[in-house]
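Read the figures in this text as sums done on the coordinates, not as results from a lab. This one's a predicted model, so the numbers in the text were calculated from it and none came from an experiment. Please note: Cβ atoms are built from the backbone with ideal geometry, for glycine as well, and neighbour counts cover all protein chains shown.
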Amino acid sequence: MNRTEFFFKIIAAGFCFLVAGLFYLQVIRGPYYRARSEDNRIVVIPIAAPRGEILDRKGRIIVDNRIAFDVCVIYKDAGDFRRLVSFLSATLKKDARKLSARLEKARGQPYTPTVLVEDISRDEAILLEQRRIDYPALRISTRPLRSYPYKEETATVTGYLGKINDRELSRFKSYGFTARDRVGRGGLEKQYDDYLRGVEGGMQVETDSRGRQKRILYVQPTEPGKSLRITVDLDLQRFCYEAMEGKDGVVIVMNPATGAIYAFVSKPGFDPNLFVKSGTQGAVKGLLRNDSRKYQLVDRAISGVYPPGSVFKAVVAMAGLETDRIDTSLAFTCNGVFHFGSAVFHCWKEGGHGVQTLLQALQHSCDIYFYNAGLRIGATAIAQYADRFGFGRLTGIDLPSEGYGLVPSPQWKRTAKKEAWFEGETVNYAIGQGYLLVTPIQVIRMMNAFANGGYLVKPYFVEEIGDVTFATHSLKKIDVSLKNLATVTKGLVKVVNEEGGTGARARLDGITVAGKTGTAQTSRDKTHGWFSGFAPAENPTISVLVFIEYGGTGGEASVLAGKILRKSAEVGLL
Amino acid sequence: MMHRHLRNFDGMILGCAAVIFVIGLVFLQSSTTSFYGTASSESFVMRQLISLALGLILGLVVFSIDYRKLVDAAYLLYGLSLFILMVTFFIGERRLGATRWVQIGMFSFQPSEFVKITFILALAAFLGRRKEYIQSTATIAGALLLIGPAFALIVIQPDLGTALILVPAMLAMVYVAGVNGRMVAALMAGGICVSPFFWHLLKAYQKKRLLVFLNPDLDPLGAGYTIIQSKIAVGSGQLFGKGWLAGTQSQLNFLPERHTDFIFSVVGEEWGFVGACVLLALYFVILYRGIRIAEMNYDLYGKVIAVGLVSLLGFQVIVNIGMTIGLLPVVGVTLPFISYGGSSLVVSILNVCLLLNVGMRRSVF
């Protein structure tokens, strides 16, 4: 036989195979498949998995999910459209034209329920359910919706959700993400998204040609997300937010030994519910575009960098004592003015403090003392100790987008600015001004080191994920002597407890508070107010930081700190 | 010169190809009308027509150059297309988990499609030159060496379908060239024996598709869904079909990939068994006339090229339709002239133009 012919017979056999297959499928089994396609149109209905809850230290709910009711319509069953639209617009008080437009879109999928109105109230849902006899096309479907009952008060901790974007979707599709997904965009929602997120399930449903469900063929159960139990005390958190009424800034309350955070506020804040509700797209865009110019989505506690002002004097004092360039008996006289070359530096107190030793200078926050001390210590040593106390470095807190801040030094200035360091800059450096930039979380971590015997702690929120303990307390010893820490702490006690101390308004009855105030100059004519401290001074169980952004003094900050410490005692943390 | 050749031009092949293409456009319209949000079906049809224009220009070039000259340049063309294929692997665009596309300006094309044609030319060049000692084992070894790089590159991309289409083409060409039949049979047997070792090289989704072929109910929501829906679509078309634009399976979005690899399901659903057979008959005429071109040509180069091209076209039709009706596993092969997609259409046109070229310039004593 001719080889070409033989080859062609193979091809011809293949075609016969196809014709036979088609004949079997379309003619012999045709009626069966026709029936399957006509009567049982298979649809896959996804079932959303609830995200994990976020609970406070006492198990109270900070974030959970509520049931949202959506109004759906099956186009095929809609019948008289105008009657349906006017009924819905009257009952739900919605624009009839928008409803019609949405209904028109449902034409593409006439058999599957299409959402017309999202998130109606429970009463409206019950009402519509009762009228289904008159309007057979209507369906009420439910889905879990993220809910933040405490809104702005806990927003800094919880963060918010956002719709998944196309790039993420194409990257993560194989991990089960769908276009309906919302993912964490800030705060714990972002940091722990992998744990909080559940696994979407689904139902394969056979529906008839009118969209009625006949039977469920297959159910893939949902897997709810894991809940987080965090260190925050809900009462204290809410109190701290309210205490900042009318002010912008930061409050942090934490355990100085473990790093557990009890309260964490950054203001101005935002309402995370806006990101999950419907009809709030405008407000969300405004927040994301920062229309108010207030940077509401920025977590000032970890991402905001500021000059620390006098709070930094505690570090300068440690640098001096550790390098033996100052001691407790060394004194400088403050008459309110300090001449350095042709420059004149002032003390915050006109007329001056008189003769000041280290402890007095801390108590009164005397600038002149620290100008002199700073020059003796030198910028390099100040930078070295700032670094040891954790400035210019990440604290490792379990929140996204933490900032580094900046610890300047002569070496830094040479490489970054290509300029030599001026001694006059050392003078400023010694009172926490100049190039120095810190985040509030770094400041309280520095203060914690005085409270816990010289350790840098890693601040954290998450104690348990599901039923598994997650928190690992991370401590790092700072290379400083306990004796010098105790000396400076003595000064910090005077700040609050002795007459003329700058933080006197943080004083409590029966409990000794230690701390340091700061009133930092800014580029605008408003100052930042700082107070950071801890209590009880002898055996600290709690540390606090209050920061008032643009428009506050250290004194005002210490008033708030006092209130917050009293509240902490009330909730059993002090 | 050209005039003398044109007397031998096979109008039947061109006519059938044109009719198949028009049927393709009609079903492209049908399969994309219920796509919402992304693009209108007019834009799909428009883009397919642009690809047609491009294909006709390239086709005319291939058609007017004597195929013997193309054979002379075959190794160069094959090498060039392999090089582009390799480049694809590094700069190509990933879609549906495979790196198959290269973007040039506003067009993206799939180099593995073009390799099919250049491989046929290269193998024909090789076999033609070995005419005198075709029976030696070295011929088989040489053919394997030639297919090796293309096969390897296409498999790692991965594009299992295209790779598998190349193999029968090679076997057919080697066989028709005159290699000992037992040797070809041994080669096939050997291939089947080593194929289990390739299992490990497959991507997870490819394994899943093969397993699902054996049992579609293994994963009714995922990989098996397409096969189940495609069988329902074709089967429910029955003898005469549900009518154009009236197929519920396709119009209600139950059929995925229905404008590309699974477009035959739409034909089967809307035109039924009769329409499907008409389409098969049209393909069959092209293949039959192609084989006649091979038979009537005394030049070994031309004969082998024609057999290779017929094999490409024939197996692509068999594998594609076989997979849409559940007779063969889903491997991602397009239906020539019908599936939406520029590279597939252009290569189908080139295939037919080359076939016409060989037929027109056949050497007769």
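You can think of it this way: the chain between A:Leu127 and A:Ile47 has 26.4 nm of extra reach, that is 0.36 nm per residue less the Cα-Cα gap. Of all lysines in the structure, not one lies under 16 Å Cα to Cα from B:Lys207 without also being fewer than 8 positions from it along the same chain.
Computed over neighbours whose Cβ is under 14 Å from that of A:Ile261, the net charge equals -2, Lys and Arg +1, Asp and Glu -1.
With all pairs of different C-alpha atoms in the average, the Kirkwood value for the hydrodynamic radius of chain B is 21.1 Å. Enter the angle in degrees (range 0 to 90, nearest 10) between the Cα long axis of helix A:234-243 and the first principal axis of the Cα atoms of chain A, meaning the one along which they spread out most. Long axis of A:234-243 versus the principal axis of chain A: about 60 degrees. A Förster radius of 41 Å, combined with the Cβ-Cβ distance separating A:Glu118 from B:Ile50, puts the computed FRET efficiency at roughly 0.50.
Per-residue ellipticity at 222 nm from helix content only, as computed over the protein assembly as shown with -39500 (n - 2.57) for each DSSP H run of at least four residues, stands at -15500 deg cm²/dmol. I'd like the mean, over residues of A:88-96, of how many other protein chain beta carbons sit within 10 Å of each residue's own Cβ. Mean shielding count: 0. For peptide A:27-33, the mean count of partner chain Cβ atoms within 10 Å of a residue's Cβ comes to 5. For region A:234-570, the Cα gyration tensor yields ellipsoid semi-axes of 32, 23, 20 Å (square root of five times each eigenvalue, largest first, whole Å).
Would you mind checking the pairs A:Lys483/A:Lys563; A:Lys105/B:Lys242; A:Lys163/A:Lys190 and listing those with alpha carbons more than 22 angstrom apart? Those over the limit are A:Lys483/A:Lys563; A:Lys105/B:Lys242. Here A:Glu168, A:Glu419 are placed in order of increasing Cβ neighbour count within 10 Å, fewest first, which gives A:Glu419, A:Glu168. Put the Cα centre of region B:264-300 next to the Cα centre of region A:126-174 and the gap is 53 Å. In terms of the mean number of neighbouring beta-carbon atoms within 10 Å, the peptides B:49-59, B:190-200, A:70-80, A:432-442 order highest first as A:432-442, A:70-80, B:49-59, B:190-200.
Give me the Å³ per residue figure for the convex hull around the C-alpha atoms of region A:226-367.
In region A:226-367, the Cα convex hull volume per residue is 211 Å³.
Rg/Rh for region B:108-251 stands at 1.09; both radii use Cα atoms, and Rh follows the Kirkwood definition. For region A:248-275 versus region A:276-311, the spacing of their alpha-carbon centroids is 14 Å. Restricting the calculation to Cα atoms, every distinct pair contributes to the Kirkwood radius of region A:45-230, found to be 18.5 Å. The packing ranking, built from the mean of other Cβ atoms within 10 Å per residue, places the peptides A:184-190, B:350-356 in the order B:350-356, A:184-190, highest first.
Can you give the net charge of the other residues whose Cβ lies under 10 Å from the Cβ of A:Lys247, counting K and R as +1 and D and E as -1?
Numbers: positive: A:Lys267; negative: A:Glu245, A:Asp248, A:Glu549, A:Glu556.
Net local charge, A:Lys247 excluded: -3.
Once the Cα atoms are used to define both axes, helix A:379-388 deviates from the longest principal axis of chain A by about 50 degrees. Annotation: average projected area of region A:404-511 is 11.0 square nanometres, based on the convex hull of Cα atoms across all directions. In the distance distribution for the protein assembly as shown, Cα-Cα pairs more than 36 Å apart total 64 percent. On C-alpha positions alone, give me the angle between the axis of helix A:30-39 and the longest principal axis of chain A, in degrees, nearest 10. Long axis of A:30-39 versus the principal axis of chain A: about 50 degrees. Once the C-beta distance of A:Ser292 and A:Lys58 is scaled by a Förster radius of 56 Å, the resulting FRET efficiency is 0.95 to the nearest 0.05.
Shielding of peptide B:294-302 by partners, expressed as the average count of other chain Cβ atoms within 10 Å per residue Cβ, is 1.
Please label the shape of region A:1-117 as rounded, prolate or oblate, based on the square roots a ≥ b ≥ c of the eigenvalues of the alpha-carbon gyration tensor (a/c under 1.5 means rounded; beyond that, a/b larger than b/c means prolate, else oblate). Verdict is oblate for region A:1-117. Using the Kirkwood radius built from alpha carbon pairs, what does the Stokes-Einstein equation give as D for region A:315-463 at 10 °C and 1.306 mPa s, in µm² per second? The Stokes-Einstein estimate is 97 µm²/s.
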